[in-house]
Amino acid sequence: ETGVTQSPTHLIKTRGQQVTLRCSSQSGHNTVSWYQQALGQGPQFIFQYYREEENGRGNFPPRFSGLQFPNYSSELNVNALELDDSALYLCASSLDLRVDTGELFFGEGSRLTVL
Amino acid sequence: GDSVTQMEGPVTLSEEAFLTINCTYTATGYPSLFWYVQYPGEGLQLLLKATKADDKGSNKGFEATYRKETTSFHLEKGSVQVSDSAVYFCALRGGSNYKLTFGKGTLLTVNP
């Protein structure tokens, strides 16, 4: 069974640029969530995708957007990067929204640094 | 809105010591409660959970009891090991929500 994988693991961008982070969900999982974890903080919910549709969003501006593909992999896109976007971005998958137990399976994250 | 407050770290213990990490929450309705753990170099993983009042979650020698009257979900272990060194996160999911709300995390270091 393949776990959640994310890429890239580390990247550096400058303010104003755009970034795309990628996530492959665990085999058999159709629900993907994205979280932002700033240094010394707990993860903050960005949004969730179920069967290619966004079905929940946290308190993040529209320049944070995402996609989910037919194979349930996902992308997180951030436009017009700001210094405060520097964080660890975590992808999590779960089995199926319809039988959601609250257990999320997390990847190791993509660490974004904005200079 | 929902929130989770957990004990500030870092916590440093000797092997075989007793561990308590406090967690309290604020939520509307009847949330489910979780402890997630992040070992060095790994992703977050579920340690234990409880879905209703007075439920006790347990795993790997860790326990936590859902206390509605005190809105708490403290993590305990009777005898910690060096391999328990990690960051521990308390989290909740509101009654009709899909997202997890996390605390800030507590770094635990266990020395031999």
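The values are calculated or read from the model by the stated rules, or taken from the named source; none is laboratory data. Predicted model, so just to flag it, every value in this text is computed and none were measured. As a convention, Cβ positions derive from the backbone with ideal geometry for all residues, glycine included, and neighbour counts pool all protein chains shown. The area values use the complete protein model at the heavy-atom level, side chains included, leaving out ligands, DNA and RNA. Shrake-Rupley method; radii C 1.70, N 1.55, O 1.52, S 1.80 Å.
Residues that are open to solvent by less than 10 Å² (accessible area, probe 1.4 Å) and either away from chain B (no Cβ under 13 Å) or over 20 Å from residue A:42 (Cβ atoms) (or both) within the range A:75-113 comprise A:76, A:78, A:81, A:85, A:87, A:112, listed in sequence order. Do we have residue A:72 as in contact (Cβ under 8 Å) with a residue 40 or more places away in the chain and open to solvent by less than 60 Å² (accessible area, probe 1.4 Å) here? Spelling it out, it is not the case that residue A:72 is in contact (Cβ under 8 Å) with a residue 40 or more places away in the chain and open to solvent by less than 60 Å² (accessible area, probe 1.4 Å).
Against the test of being on the phi > 0 side of the Ramachandran plot and surrounded by 12 or more Cβ atoms within 10 Å (Cβ to Cβ), the options B:61, B:41, B:57 yield a single qualifying residue, B:61. Of the residues B:26, B:51, B:71, B:12, the single one that is open to solvent by 30 Å² or more (accessible area, probe 1.4 Å), touching an Asp or Glu at 6+ places or on another chain (Cβ under 7 Å) and hydroxyl-bearing (Ser, Thr, Tyr) is B:26. Residues in the range A:1-49 that are hydrophobic (A, V, I, L, M, F, W, C) and either open to solvent by less than 70 Å² (accessible area, probe 1.4 Å) or in a strand (DSSP E or B) (or both): A:4, A:11, A:12, A:19, A:21, A:23, A:32, A:34, A:38, A:45, A:46, A:47.
Take the residues in the range B:79-111 that are away from every other protein chain (no Cβ under 14 Å), open to solvent by 50 Å² or more (accessible area, probe 1.4 Å) and not in a strand (DSSP E or B); name whichever of them is nearest to residue A:43 (Cα to Cα). Once the filter is applied, the top-ranked residue is B:83. Cβ-Cβ contacts under 7 Å between residues 6 or more apart (or on different chains), taken from a first residue in the range A:22-46 that is facing another protein chain (nearest Cβ under 8 Å) to a second residue that is open to solvent by 60 Å² or more (accessible area, probe 1.4 Å) and in a loop (DSSP other than H, G, I, E, B), are listed as A:40/B:104; A:41/B:104; A:42/B:104; A:45/B:99. If I filter the range B:14-22 for residues that are of a type in the set (S, T, N, Q), assigned to a loop (DSSP other than H, G, I, E, B) and closer than 12 Å to residue B:90 by Cα, do I get at least one hit? Within the range B:14-22, one or more residues are of a type in the set (S, T, N, Q), assigned to a loop (DSSP other than H, G, I, E, B) and closer than 12 Å to residue B:90 by Cα.
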